[in-house]
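Okay, handing you the structure first.
The values are calculated or read from the model by the stated rules, or taken from the named source; none is laboratory data. The shown structure was predicted, so the numbers you read here are calculated from the model rather than taken from an experiment. No Cβ is skipped: glycine too gets one built from the backbone with ideal geometry, and neighbour counts run over all protein chains shown. Protein only, heavy atoms only, side chains kept; ligands, DNA and RNA dropped before computing areas. Shrake-Rupley method; radii C 1.70, N 1.55, O 1.52, S 1.80 Å.
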Amino acid sequence: MKKLIYGNLKMNFNLKDMENYCELFLKKVEQSKNEIAIFPSFTNLMFTKQKLTASKVLLGAQNLSSEVSGAYTGEISADMLKSVGAELVIVGHSERRKLFLEKNETINKKIKQALSQGLKVVLCVGETKYERQNRKYKMALEKIISETLKGLYENELKNIIIAYEPIWAIGTGVLPTVKEIEEAANIIRNQVSVEFTSQAAKNLKLLYGGSVNTQNCKQFLGANGINGLLVGGASLKADEFAKICNS
Ligand code: PEP
């Protein structure tokens, strides 16, 4: 079955680096049966879109504004992303929560902005190390789902992909077990069925993200209820990421 393999390039690559990356990476994933997307920085979006014209690889952005337009210096709107060819956007990444103090309410507004412009959303959800160690992760995940998806219509959920990214596993090399991922996937789907319907929960596409690499990707792709991967660090190496995409 086709898996979704998405690469979050974070704040890496100037234009030249991006060109080199595209040259190497796109050739290697030409034959892949999976749905692949790359999420470069804003400044590389237009250029990357041109590189992707002959490819099935999708283009996504890493963030967007919660506002439509106007006096918000330094912000990038959903409309702007759409106009340069982005198809997806990551919302609610834990780095944005931690370093830029984004709250569920803002994330909810960002999701609505993205959907209004026809962008698909990759919503990141995950518990902290403290919440995991103190068995508060169920409550934490339920709260994020409930508050970030507030006020959405069930039919909008088809344009939302949820990435389960335990914060303690991002960039740390510390991995959850497959059982822990499956349990989290169940918690997320259950909460979606509470907020919407069991059909919506069943149809939901769920990714796992956190220290994925070529060695461990297969075990995560095999987890029940997981439809793909969101890859950070390992997506920066065209070779390594291509191997994950082809798995
Ligand atoms: C991420 O930041 O979304 C991520 C999954 O990072 P890494 O793969 O580096 O842990």
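Mind listing whichever residues of the range 238-247 are under 22 Å from Leu123 (Cα atoms) and either surrounded by fewer than 17 Cβ atoms within 10 Å (Cβ to Cβ) or within 12 Å of the ligand (Cβ to nearest atom) (or both)?
Of the residues in the range 238-247, the ones under 22 Å from Leu123 (Cα atoms) are 241, 244-245.
Listed by number, the residues that qualify are Phe241, Ile244.
Still on this structure: Sort out which residues of the range 184-199 are assigned to a helix (DSSP H, G or I) and either polar (S, T, N, Q) or farther than 24 Å from Lys98 by Cβ (or both), and write them in order of number.
Taking the range 184-199 and keeping what is assigned to a helix (DSSP H, G or I), we get 184-195, 198-199.
Within the range 184-199, Asn186, Arg189, Asn190, Gln191, Val192, Ser193, Val194, Glu195, Ser198, Gln199 meet the criteria.
Looking at Val122 and the list (1) crowded, with 18+ Cβ neighbours inside 10 Å; (2) closer than 22 Å to Val89 by Cα; (3) away from the ligand (no atom under 16 Å from the Cβ), which single condition is not satisfied?
(3)
Taking Asn186 as the residue in question, decide whether it is touching a strand residue (DSSP E or B) at 6+ places or on another chain (Cβ under 8 Å) and open to solvent by 10 Å² or more (accessible area, probe 1.4 Å). Spell out how you get there, then give the answer.
Numbers: touching a strand residue (DSSP E or B) at 6+ places or on another chain (Cβ under 8 Å): no; open to solvent by 10 Å² or more (accessible area, probe 1.4 Å): yes.
No; evaluated as a whole, the condition is false for this residue.
Which is of a type in the set (Phe, Trp, Tyr), out of contact with any Gly (no Cβ under 7 Å at 6 or more places or on another chain) and open to solvent by 40 Å² or more (accessible area, probe 1.4 Å), of Tyr21, Tyr72?
Tyr72
Restricting the range 104-144 to residues that are hydrophobic (A, V, I, L, M, F, W, C) and part of a helix (DSSP H, G or I), which is nearest to Glu165 (Cα to Cα)?
Here is the first cut: in the range 104-144, the residues hydrophobic (A, V, I, L, M, F, W, C) are 107, 111, 114-115, 119, 121-125, 139-141, 144.
Still in the running and part of a helix (DSSP H, G or I): 107, 111, 114-115, 139-141, 144.
Values: Ile107: 16, Ile111: 18, Ala114: 21, Leu115: 22, Met139: 15, Ala140: 12, Leu141: 10, Ile144: 12 Å.
Going through the qualifying residues, I end up with Leu141.
Same structure again: Take the range 200-237 and flag every residue that is open to solvent by 50 Å² or more (accessible area, probe 1.4 Å) and either at pLDDT below 95 or outside any helix (DSSP H, G or I) (or both). Before you say what the answer is, go through the steps one by one.
Keep residues of the range 200-237 that are open to solvent by 50 Å² or more (accessible area, probe 1.4 Å), which gives 202-203, 205, 215, 218-219, 222, 224, 233, 236-237.
Answer for the range 200-237, where residues must be open to solvent by 50 Å² or more (accessible area, probe 1.4 Å) and either at pLDDT below 95 or outside any helix (DSSP H, G or I) (or both): Lys205, Gln215, Gly222, Asn224, Lys237.
Give me the pairs: first residue in the range 121-142 and in contact (Cβ under 8 Å) with a residue 40 or more places away in the chain, second residue among the acidic types (Asp, Glu) and open to solvent by less than 80 Å² (accessible area, probe 1.4 Å), beta-carbon distance under 6 Å, and six or more apart or on different chains, which are they?
Taking only residues 6 or more apart or on different chains, the pairs are Cys124/Glu165; Gly126/Glu165; Tyr137/Glu127; Tyr137/Glu131.
Hey, another quick one. When you scan the range 21-62, how many residues do you find that are in contact (Cβ under 8 Å) with a residue 40 or more places away in the chain and in a helix (DSSP H, G or I)?
Here the count works out to 5.
Hey, another quick one. Could you tell me whether the range 161-181 includes any residue that is in contact with a strand residue (DSSP E or B) (Cβ under 7 Å, 6 or more places away or on another chain), more than 16 Å from the ligand (Cβ to nearest atom) and assigned to a helix (DSSP H, G or I)?
no
Return yes when Leu221 is more than 30 Å from Glu23 (Cα to Cα) and away from the ligand (no atom under 11 Å from the Cβ) and no when it is not. Give the derivation first.
Values: more than 30 Å from Glu23 (Cα to Cα): no; away from the ligand (no atom under 11 Å from the Cβ): yes.
So Leu221 does not fit the description; no.
Here is a yes/no grid of residues against (1) more than 16 Å from the ligand (Cβ to nearest atom); (2) touching an Asp or Glu at 6+ places or on another chain (Cβ under 8 Å):
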site	(1), (2)
Asp17	yes, no
Glu23	yes, no
Leu26	yes, no
Ser32	yes, no
Ala37	no, yes
Phe42	yes, no
Phe47	yes, yes
Ala54	yes, no
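In the set Val57, Val89, Val84, Val29, which member is open to solvent by less than 60 Å² (accessible area, probe 1.4 Å), hydrophobic (A, V, I, L, M, F, W, C) and more than 23 Å from Ala163 (Cα to Cα)? Show your work before the answer.
Working: Val57 fails: more than 23 Å from Ala163 (Cα to Cα); Val89 fails: more than 23 Å from Ala163 (Cα to Cα); Val29 fails: more than 23 Å from Ala163 (Cα to Cα).
Residue meeting the stated conditions: Val84.
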